[in-house]
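For reference, the structure discussed in these notes is given below.
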Amino acid sequence: MPAVIIVGAQWGDEGKGKASDQLGTQVDYVVKYNGGNNAGHTVVVNGEKFALHLLPAGILTAGCTPVIGNGVVVDLEVLFSEIEELNARGIDTSKLRISNNAHIIPSYNKTMDAMNERMLGKRKLGTTGRGIGPTYADKMNRIGLRIQDLYDPSILRQKVEGALDQKNGLLEKVYGEEGFDVDAVTDELLSYADRVKPMLMNVTAELNHALDRGETLVFEGGQAVMLDIDHGTYPFVTSSSCTAAGACTGSGVGPRRIDRVVGVAKAYITRVGEGPFPTELHDEWGERLREVGGEYGTTTGRPRRCGWYDAVVARYASQVNSLTDIVLTKLDVLTGIEQIPVCVAYEVDGVRVEDLPDSQTAMHHAKPIYEYFPGWTEDISQCQTFEELPAAAQDYVKKLEELSGCRISSIGVGPDRDQTIVRVPLLD
């Protein structure tokens, strides 16, 4: 049985939650392998909307084991807040499992996040302020806190003290803010120990044993390739590995065990925060996509920047992730547009380029080169097969497939779990 990775093929918010949730009805484990509660998934089940921030989308599917891998950073307060909210709505969360190697977001890193953004001023990155970046920085600096540290209070306190030796100096002497008390932080973290302990698991061993048993795994990525710390539009990126390779490092499952890599892309494109965005629309078309598509952040509520589909980005995502399939979402949002532009290449300093520019400056100055395709006016939200789509919609999908260099296996025609046209099953 397959192991399938789901990644964002644009700048995030593509509908990965819906894709992994759909696969979750057919799989044994859904594994979140990167990020934290800085991004969210909106999943609609039978007309009921669920906004997930830290939890994997598989939490909504009975019989599926949702897993938070070692590559995720965990805000324990948010974790239990989400669990309580889902429980109140009748969702069973008892199967949730968390890697004991996952790092904790301590309260002081949320403050550090806000202070860092404040000091950057007009050069700010547009972070969510949830402590994600500082926690990943602590991980790389080897002063981070892992969930397993909750079960050795002496070690935990030593680690908190070591981290605060640095951070309190910055807060008090540079930022002019009050520092954190070591004992107060340690006690706050320890207050979660008994509640989280039943969820902990040696995730690496469990997932590999599951594959040995012939069970099916879906790896659910947070953010997207263009926000990847290595391969995104640096420095306007997140702090984790969002690509398919990140699924291996963030879970402990090796690359030879991966069978399929699915990129999720909207039929247009959006991004949040700062950074280059060649097809961004600052006119009524951008506003139309935002309103019709409901383009506001699941976690932050921030309006998303909107633009036309960027095939340069799609080709890059296909290369970086070795995509086998694309799940195209929100095709219905384009209904009623007479001519639909698609960015097929960039112009950089008067030169046409069809690959993503390899410098920050070139990306910043890239101008989209568009081709235009006929639109459609028919309501497609109830279409169940590709052949039921209007001819213009079919042609649009085929053209995106050709330009993106990867087959489009599934098409979203509405927000609900069932509003998806399957051209090629992702699990076969």
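The values are calculated or read from the model by the stated rules, or taken from the named source; none is laboratory data. Since we're looking at a predicted model, the values are computed, not measured. Every residue, glycine among them, receives a Cβ derived from its backbone with ideal geometry; neighbour counts consider all protein chains shown. The accessibility values were calculated without ligands, DNA or RNA, using every heavy atom of the protein model including side chains. Shrake-Rupley method; radii C 1.70, N 1.55, O 1.52, S 1.80 Å.
A few comments on the model shown:
- Those residues of region 141-163 which are farther than 18 Å from residue 75 by Cα and either within 30 Å of the chain's Cα centre (by Cα) or of a type outside the set (D, E, K, R) (or both), in sequence order: 141, 142, 153, 154, 155, 158, 162
- Residue within region 80-102 that is within 25 Å of residue 142 (Cβ to Cβ), touching a residue at least 60 places away in the same chain (Cβ under 8 Å) and open to solvent by 30 Å² or more (accessible area, probe 1.4 Å) present: yes
- Annotation note: of 427, 403, 389, the sole residue that is more than 25 Å from residue 312 (Cα to Cα) and touching a residue at least 60 places away in the same chain (Cβ under 8 Å) is 427.
- Near pairs, Cβ below 6 angstrom, 6+ apart or cross-chain, from region 248-263 (on the phi < 0 side of the Ramachandran plot and β-branched (Val, Ile, Thr)) to any residue that is part of a loop (DSSP other than H, G, I, E, B) and surrounded by fewer than 17 Cβ atoms within 10 Å (Cβ to Cβ): 261/322
- Residue list for region 273-292, filter: small (Gly, Ala, Ser) and modelled with pLDDT under 95: 273, 275
- Residue under evaluation residue 352, criteria (1) under 30 Å from residue 426 (Cβ atoms); (2) open to solvent by 40 Å² or more (accessible area, probe 1.4 Å), criterion not met: (1)
- Residue match in region 173-182 (condition: within 18 Å of residue 135 (Cβ to Cβ), touching a helix residue (DSSP H, G or I) at 6+ places or on another chain (Cβ under 7 Å) and modelled with pLDDT of 95 or more): yes
- Matching entry among 171, 190, 200 (being crowded, with 16+ Cβ neighbours inside 10 Å, closer than 26 Å to residue 94 by Cα and touching a residue at least 12 places away in the same chain (Cβ under 8 Å)): 200
- Among the residues of region 35-51, those that are assigned to a strand (DSSP E or B) and either buried (at least 24 other Cβ atoms within 10 Å of the Cβ) or touching a Cys at 6+ places or on another chain (Cβ under 8 Å) (or both) comprise 35, 41, 43.
- Filter result (open to solvent by 70 Å² or more (accessible area, probe 1.4 Å) and either farther than 17 Å from residue 333 by Cβ or in a loop (DSSP other than H, G, I, E, B) (or both)) within region 372-390: 372, 377, 378, 379, 382, 384, 387, 388
- Condition broken by residue 298, with the remaining ones in (1) assigned to a strand (DSSP E or B); (2) at pLDDT below 95 satisfied: (1)
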